[in-house]
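Since the structure comes first, as C-alpha cells, the remarks are kept for the end.
The values are calculated or read from the model by the stated rules, or taken from the named source; none is laboratory data. Here the structure is a predicted model, which means the values were calculated and not measured. Using ideal geometry, Cβ is built from the backbone for each residue, glycine included, and neighbour counts are taken over all protein chains shown.
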Amino acid sequence: MARELSYRDALREALHEEMDRDERVFLMGEDIGAYGGSYVVTNGFLEEYGRKRVRDTPISELGIVGAAVGAAMGGLRPIIELMTINFSLLAIDQIVNHAAKLHYMFAGTITAPVVIRTASGWGQLGPTHSQTFEGWYAHVPGLRVVMPATPRDAKGFLKTAARGNDPVVFIEHSLLYRNRGEVEEPDAGDLLLPLEGAEVRREGTDVTLVSWSRGYYLALGAAEELAKEGISAEVIDMRVLRPLDIDTVVESVKKTNHLVTVEESWRTLGVGSEIAAAVQELAFDYLDAPIARVGSRETPVPYAKNLERLIFPDRDKVVEAVKGVLARNLVSVS
Amino acid sequence: MTSSGGSRIKELALEKDDLVDLYRQMILIREFEEHAAEQYARGRIAGFLHLYIGEEATGVGAVSAMEDRDHLITHYRDHGYALARGVAPDAAMAELFGKETGIVHGRGGSMHFSDVSKNFWGGYAIVAGHIPLASGLGLASQYQDLGSVVVCIFGDGATNAGAFHEAANLASVWKLPIVFLVENNLYGMGTAVEYVSAVNDMSRKAMAYDMASARVDGQDVLAVREAMQVALEHCRSGNGPYLLESLTYRFRGHSMADPESYRSKEEVERFRKDDPIVLFRNKLIEDGVATQEEFDQIDADALKEIEQAVQFAEDSPVPDPSTLDEFIYADSGDVR
C-alpha cells in the first residue's frame, strides 16, 4: 500500500527507520538537534534519540565530514548533514581526498560508509548560497552521488545509503522538501532502492529530455507543454549521477533520435556535458540533431528576483530548446 | 620538558628485553630508511619518499606506550610508525617498490602504509587532513565504550591548518580520547617554524581548546614513552584529549628531492651528534643493561632483516593490470 508523503517526511521516515534498526547509525551536523535542522528534516530527533545519536556540531564542515569518516572507519554508521551544498566546499578535501580514497589507497582494508546529506537550491539567496555542485562530486571515482527528485527515491536511497559500505553524497533540494509523492507504507517492508539506474518516467517518441532533482520537474512540465503541440517527449530522471546510467539514455535516444539535457547548474563542464559526450560516443548514428544542454546562465546568482529568474532554467526554456533541436533535424537536410 | 638520566632506567621498571627491544626497533627503522634511500637513488623507488631518520625515538617511544586496542593514525612520514606497530619490513619495502606484495598492494606507496589488523589506520598525505579522521575514530571508541585511545601524529606545520583546529575543538568539546602527538622537527617542509607559526611552543596551541598538554624531548625514547603513558592514561580516564609536543629533528631532507637550502650543514651536524639511537645505546651500555657485543649482534640482525626485505621487494611481482579497477567501491554494482 502506498500513501502520499512529502519529500521531507520521506527523508524523516528513512532516518527514523534506520536509527531504530541500527544503534550504530547516528546523526551529526550544524543545528540538526536543538534547532531542528535548517530545512526541518531532523526536527524532534534530539528529543527522541538523545544527544549521543543526534549531535549538534560546531560550524566546522571539514571537521564534521572528517569526524564522520573516522567514525565510519571505527565501525559506526554516520549520517551527517551539511546545511547546504555551498558549505560542502569547506569540506571538499575530506570528501575527495579522504572519503573517496580510503578504500582504494588502503587496498580494500578500510571502508568509509558515511552518508553526507546536503541540499542544493536557490530562492533569492545570493551568489554564495544558490549553487549546484553535483558535477564536482560526480566527477570523483570512489563516491556515490545521488540526487533524488521524488519522495520515494529520497526515502529508498537514504535507507540504502545508510546500509552501504561506500561514501554517499546525498543531495537534496531546498525547493523540493514540500513536494508530495507516493511512498510505500513502512509495513510493506524496507524500501531499499539500489543506488544506481536512471528511470524513464514519461514515455515519448520525438525527443528525450534528461534531468535529475528539481530539473526533472522542469523537463516534465516542458513535456506536458510540448504534448499540446503534438510533440512527444520522453522524460528520464537520472536519479544517480555516479554511477551514471548512460545505457538508459542511449536506449531512449535510439528511439527518439533527439536529446536535450536539463540542469540547474552551469552547463560548462557539467553533468549534461558528460551525458552529451557519452551519448555521441555510443549513439552518434542515431542522432538526428545536435544535443542541446539547458542549464543556468554562466554568471554568479544575483539576489534581485527579476535577475535571478533570468539565471535558472524554467519550463519555457526547456520547451524552446526542444523546438530548436527539432528544427535542426538533420534527417530533413539529408 | 621531561629529562632522563641514566638512573631513571631502573625507576621505569622496564625489563632488559623491553629496553633492548626499543633499541632494536629504532635501529630497524634506521636501516629500513637508509636502504630505502639507497634504493631510491638506484631508481627502484620513485615518487615521494619522506625518511624518518633522526626521529626514531619519538615514533618508537610513543607506540611502545600504546595498547593493542589503541588506534594509530599518522602523517605521510609513516614508515617508522608502521614498523613500530609491527608491520613487516618485507611488506613495507615491497610497497615502496610498487609491488603486489606491498602492504597496500602498490596502491598507496610510501605515504599510505596501513594495517587495520594492528589498528594502524594509515599514513595520510594531505597535511592535517587526517586529524579530523582521528576525532572520528575517537568518537567511535567513546560511542561504543571501548576504552581505546586514538594516537594521531602530525608535524608542527599541520598545526597551522584549519583541519587541526576544527578537530582539536571537536575533540575537546566532546571529550574524545585522543592523543595529538605533534612532532616538532622545526621545519614545515623547508620553512622554519618561527616564520609561519604565531606560537613556537606547539603545546600552547592546546590552550585555546582547554586541552591538557606537555612537551617532551623527542630524541629520548624513554622520555617519549613515559610522556605518552601519561597522555594515554589521561585520555583513557575520560578526561578528554591531550596534546603532546615532541621536540625532534629530521637528519635528512623533507623528501628525497629536498636541496636543504633552508638550514645550515652546521645545524644538521649539531643535531646528528645527539643521534637518539646512539644516545640510547650508550646509555644502556653505561647502565649495564646490555653489552657492546649484544648491540652489535642486534645491528647485524637488523641489517640482515632489511637486506632480506629489499630482496623480497625486488623479487616480488608487480600488481596484475587486471586488478586495476579493484578497491574503488566496497559494494558491488556498476562503478564506472
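Tabulated values for the structure
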item: Only listed residue being over 26 Å from A:Leu175 (Cα atoms) and within 8 Å of chain B (Cβ to nearest Cβ), chosen from A:Thr111, A:Thr57; result: A:Thr111
item: Residues of region B:101-139 classified as part of a loop (DSSP other than H, G, I, E, B) and of a type in the set (Lys, Arg), total; result: 1
item: Some residue of region A:32-47 being in contact with a helix residue (DSSP H, G or I) (Cβ under 8 Å, 6 or more places away or on another chain) and among the acidic types (Asp, Glu); result: no
item: Some residue of region B:143-155 being modelled with pLDDT under 95, hydroxyl-bearing (Ser, Thr, Tyr) and assigned to a helix (DSSP H, G or I); result: no
item: Enumeration of residues in region A:114-124 that are under 19 Å from A:Val145 (Cβ atoms), part of a loop (DSSP other than H, G, I, E, B) and more than 10 Å from every other protein chain (Cβ to nearest Cβ); result: A:Gly121
item: Qualifying positions in region B:38-67 - of a type in the set (A, V, I, L, M, F, W, C) and farther than 23 Å from B:Ser246 by Cβ; result: B:Ala41, B:Ile45, B:Ala46
item: Sole exception among (1) among the aliphatic types (A, V, I, L, M); (2) farther than 14 Å from A:Ala138 by Cα; (3) not in a strand (DSSP E or B) for A:Val200, by number; result: (3)
item: Output for region A:225-257, where each listed residue is buried (at least 20 other Cβ atoms within 10 Å of the Cβ) and within 15 Å of A:Asp316 (Cα to Cα); result: A:Leu226, A:Ala233
item: Close pairs (7 angstrom Cβ cut-off, 6 or more residues apart or separate chains): surrounded by 11 or more Cβ atoms within 10 Å (Cβ to Cβ) in region B:9-23, at pLDDT below 70 anywhere; result: B:Leu19/B:Ile9
item: So A:Val65, is it of a type in the set (Val, Ile, Thr), touching a residue at least 12 places away in the same chain (Cβ under 8 Å) and either in a strand (DSSP E or B) or crowded, with 20+ Cβ neighbours inside 10 Å (or both); result: yes
item: So B:Ser246, is it in contact with a His (Cβ under 7 Å, 6 or more places away or on another chain) and either under 20 Å from B:His50 (Cα atoms) or crowded, with 19+ Cβ neighbours inside 10 Å (or both); result: no
item: Qualifying residue in region A:90-101 (condition: outside any helix (DSSP H, G or I) and either among the small types (Gly, Ala, Ser) or at the interface with chain B (Cβ under 10 Å from one of its Cβ atoms) (or both)); result: yes
item: Qualifying residue in region A:72-80 (condition: over 25 Å from the mean Cα position of the chain (by Cα), of a type in the set (A, V, I, L, M), facing chain B (nearest Cβ under 9 Å) and buried (at least 20 other Cβ atoms within 10 Å of the Cβ)); result: yes
item: Sole residue being at positive phi, among the charged types (D, E, K, R) and not in a strand (DSSP E or B), chosen from B:Glu293, B:Glu266, B:Glu260, B:Glu233; result: B:Glu260
item: Cβ-Cβ under 9 Å pairs, at least 6 apart or on other chains, region A:236-250 side at positive phi, far side part of a strand (DSSP E or B) and buried (at least 24 other Cβ atoms within 10 Å of the Cβ); result: A:Arg239/A:Val146
item: Of all residues making up region A:175-195, the number that are surrounded by 13 or more Cβ atoms within 10 Å (Cβ to Cβ), of a type in the set (A, V, I, L, M) and not in a loop (DSSP other than H, G, I, E, B); result: 1
item: Members of region B:108-128 found to be at the interface with chain A (Cβ under 8 Å from one of its Cβ atoms) and buried (at least 22 other Cβ atoms within 10 Å of the Cβ), listed by number; result: B:Gly108, B:His112, B:Ser114, B:Trp121, B:Gly122, B:Tyr124
item: Count of residues meeting criterion [under 19 Å from A:Ala162 (Cα atoms) and buried (at least 20 other Cβ atoms within 10 Å of the Cβ)] in region A:3-12; result: 5
item: Matching residues, region B:81-107, being away from every other protein chain (no Cβ under 13 Å), out of contact with any Ser or Thr (no Cβ under 8 Å at 6 or more places or on another chain) and of a type outside the set (A, V, I, L, M); result: B:Arg85, B:Gly86, B:Pro89
item: Search result, residues across region B:184-227 that are in contact with a Phe, Trp or Tyr (Cβ under 6 Å, 6 or more places away or on another chain) and either surrounded by 14 or more Cβ atoms within 10 Å (Cβ to Cβ) or in a strand (DSSP E or B) (or both); result: B:Asn185, B:Ala212, B:Val221
item: Count of region B:2-46 residues which are modelled with pLDDT under 95 and within 16 Å of B:Asp78 (Cα to Cα); result: 0
item: Conditions (1) within 13 Å of chain B (Cβ to nearest Cβ); (2) under 20 Å from the mean Cα position of the chain (by Cα); (3) touching a residue at least 60 places away in the same chain (Cβ under 8 Å): number failed by A:Gly142; result: (3)
item: Residues that are at the interface with chain A (Cβ under 7 Å from one of its Cβ atoms), crowded, with 24+ Cβ neighbours inside 10 Å and out of contact with any Gly (no Cβ under 6 Å at 6 or more places or on another chain), drawn from region B:136-145; result: B:Leu139, B:Ser141
item: Test result for A:Pro127, in contact with a Lys or Arg (Cβ under 8 Å, 6 or more places away or on another chain), outside any strand (DSSP E or B) and more than 7 Å from every other protein chain (Cβ to nearest Cβ); result: no
item: Residue tally, condition surrounded by fewer than 20 Cβ atoms within 10 Å (Cβ to Cβ) and under 13 Å from A:Gly272 (Cα atoms), over region A:201-224; result: 0
item: B:Tyr52 being of a type in the set (Ser, Thr, Tyr), surrounded by 24 or more Cβ atoms within 10 Å (Cβ to Cβ) and farther than 18 Å from A:Met105 by Cβ; result: yes
item: Matching residues in region B:149-183 - criterion: being among the hydroxyl-bearing types (Ser, Thr, Tyr) and either at the interface with chain A (Cβ under 9 Å from one of its Cβ atoms) or surrounded by fewer than 24 Cβ atoms within 10 Å (Cβ to Cβ) (or both); result: B:Ser172
item: Test for A:Ala154: is it in a loop (DSSP other than H, G, I, E, B) and under 10 Å from the mean Cα position of the chain (by Cα); result: no
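So that you can scan it fast, the table gives a plain yes or no per residue for (1) loosely packed, with under 14 Cβ neighbours inside 10 Å; (2) in contact with a Lys or Arg (Cβ under 7 Å, 6 or more places away or on another chain); (3) of a type in the set (S, T, N, Q):
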{"site": "B:Ala290", "(1), (2), (3)": "no, yes, no"}
{"site": "B:Glu305", "(1), (2), (3)": "no, no, no"}
{"site": "B:Ser316", "(1), (2), (3)": "no, yes, yes"}
{"site": "B:Asp320", "(1), (2), (3)": "yes, no, no"}
{"site": "B:Asp325", "(1), (2), (3)": "yes, no, no"}
